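No value in this document is a laboratory result; all are computed from the given coordinates. Computed from a predicted structure; not experimentally measured. We place every Cβ from the backbone using ideal geometry, glycine too, and count neighbours over all the protein chains shown.
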Amino acid sequence: MLQLQYFLLLGAALFCIGIYGLISSRNAVRVLMSVELMLNAVNLNLMGFSNFLDPQNIKGQVFTVFVITVAAAEAAVGLAIILAIYRNRETIDMEQFNLLRW
Amino acid sequence: MNLAEGVQIVSFGILATMVIVAALGVVLLSNIVYSAFLLGGVFISIAGLYILLNADFVAAAQVLIYVGAVNVLILFAIMLVNKRQEFAPMARRWIRNLATGLVCVGLFVLLGAMVLSQRWAIATGVTPVVNSVQEIAKHFFSDFLLPFELASVLLLMAMIGAIILARRDILPDLRESQEAALTLPERPRELAALGGDESIN
């Protein structure tokens, strides 16, 4: 029988992979992909809780639909920002986006 | 979902392996086009996990929105900023990567210990809902009505904002120039005033 812990461990592993990609990658598009990975890990947690702890009124699935909506909006705006930065700076290296650094 | 338990375990193992391997490929591969396609693989595998969790509607929404919209958007962004550049090597970069890896492994160990030691209040003996679409719709139009409407407003704002951020300023009087036959005539780009990293640091 499937246990809740399997899904939670899988979500934790996916979240950690997403954090590693978010910090260590230098391509700006890959940073956005890592953010999507982290959002999917959280969605997996919510769905597991919804199925195992609250199977009657499935509020975890409702939350997951909202998270998917916000993730789609975030991807659109984030990629537009990356395009604007690329037109200004001619690069997508995260190490050279340092106008506001200090 | 009335699959046998062995079938559930085996499909969970296959899907979990696909998720982990594809996610590692997204993060670690050097070619970003491969990363984008592997990201689609991650999304589809997670949709399969949702089906294992008795959530057919959310699995369909995952495939439609993530694979159909977000992944295609990322591929278009890769095509638009497709610049084969070698990133300048940085001193002591491996220390940063090593520290990040250690932090991530430590976070995973912490989360795993918490998950395995916690006694979850599993609902036993309760059958899951048969038609999850109706249940989600009831939630959307009764107690989650305000967030539902706010989500639509958020999508509209994100759409307009993305268009405004990503559009170019077309100059109509330069339309007949010969030397730029294959490119859109564009207002001269105002490069950032502070320039590169060598000017201030």
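Here are a few things to note about the model shown:
- Report summary: the helix-based calculation at 222 nm, which adds -39500 (n - 2.57) for every DSSP H run with n ≥ 4 and divides by the residues of chain A, gives -27000 deg cm²/dmol.
- Sorted peptide list for B:15-28, B:109-122, criterion being average Cβ within 10 angstrom, highest first: B:15-28, B:109-122
- Listed values for segment B:147-152 are Karplus-derived 3J(HN,Hα) couplings in whole Hz (6.51 cos²θ - 1.76 cosθ + 1.60, θ = phi - 60°), namely x, 5, 5, 5, 5, 5, and x replaces Gly and Pro.
- Within segment A:48-102, the trypsin sites (Lys or Arg not before Pro) that combine a DSSP coil assignment with at most 13 other C-beta atoms in a 10 angstrom radius are A:R101.
- Segment B:1-103 shape via C-alpha gyration tensor axes, a/c threshold 1.5: oblate
- Here the Gaussian network model covers chain A, with springs between Cα atoms less than 10 Å apart; of A:V70, A:V31, A:V42, A:V70 fluctuates the most.
- For segment B:32-55 versus segment B:7-25, the gap between their alpha-carbon centres in whole angstrom: 10
- Averaged over the residues of peptide B:141-152, the number of Cβ atoms from other protein chains lying within 10 Å of each residue's Cβ is 2.
- A Cα-only calculation for the protein assembly as shown places Rg and Dmax at 22.1, 75 Å.
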